[in-house]
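Student: Would you mind keeping the following structure in view while I ask a few things?
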Amino acid sequence: MRVREWAKREGFNEQTVWQWCRENRMPVPFERMSTGTIIIHDPKYENQFATPTANGRTVCYARVSSSDQKDDLQRQADRLKAFALSMGVEKPEVVTETGSGMDDRRRKLNRLLSDPTVGTLIVEHRDRLARMNAGLVESALKAQGRRIIVVDDTELDDDLVRDMTEVLTSFCARLYGRCAAKRKTDAALKAARDA
């Protein structure tokens, strides 16, 4: 679990716990991730969040839309790994991918969804899995005895609002896609004229 959560449960100030970690004086085991995130492995809390897992591997899936978000991708992956560890998964597998949430051209996600050995897929937000129709993917996996866990499911629950958001997202993607295509076409025509 993360420092803030452990400090709150144990009744310590968060800054005190950070100081203990820096000085290697923590009373329980902890792990430093490559991004600086600290995961505390307190044995009395390790299996508290364990839920009956589906058969198969548990995989954490992190996604960002563009390559300039690499730092965000690593932080997202670390948060997912911390969540999986707090659920009691011993060695969670983490898969990271850069790609649009609007289309189905994501090789790594497609590989995970088609792999029957993956029993549980953990994502941070529902839109990290898919911008639209994530519920259909969830239903298909449930029919196979598999499941998706959404760590932060604080998105809007109102169906009408969610549907409207999906429609607007689709329109914006098409509009911006056309603008990008027009820019690329104009650049190619200019290059051809200059040559």
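Student: Quickly run through region 60-71 and pick out the residues that are modelled with pLDDT of 90 or more and either open to solvent by 60 Å² or more (accessible area, probe 1.4 Å) or among the aromatic types (Phe, Trp, Tyr) (or both).
Tutor: Passing the criteria: only Tyr61.
Student: In addition: Working only within region 94-107, note down all residues that are closer than 18 Å to Arg126 by Cβ and either among the hydroxyl-bearing types (Ser, Thr, Tyr) or in contact (Cβ under 8 Å) with a residue 24 or more places away in the chain (or both). First the steps, then the outcome.
Tutor: Let us first name the residues in region 94-107 that are closer than 18 Å to Arg126 by Cβ, namely 95-97, 99-104, 106.
Once the filter is applied, which keeps residues that are closer than 18 Å to Arg126 by Cβ and either among the hydroxyl-bearing types (Ser, Thr, Tyr) or in contact (Cβ under 8 Å) with a residue 24 or more places away in the chain (or both), region 94-107 yields Val95, Thr96, Glu97, Gly99, Ser100, Gly101, Met102, Arg106.
The values are calculated or read from the model by the stated rules, or taken from the named source; none is laboratory data. It should be emphasised that the depicted structure is a prediction, and the values quoted were computed from it without experimental measurement. Positions of Cβ are backbone-derived with ideal geometry, glycine not excepted, and every protein chain shown enters the neighbour counts. Ligands, DNA and RNA are stripped out before the accessible areas are found, and what is left, the full protein with its side chains, is counted by its heavy atoms. Shrake-Rupley method; radii C 1.70, N 1.55, O 1.52, S 1.80 Å.
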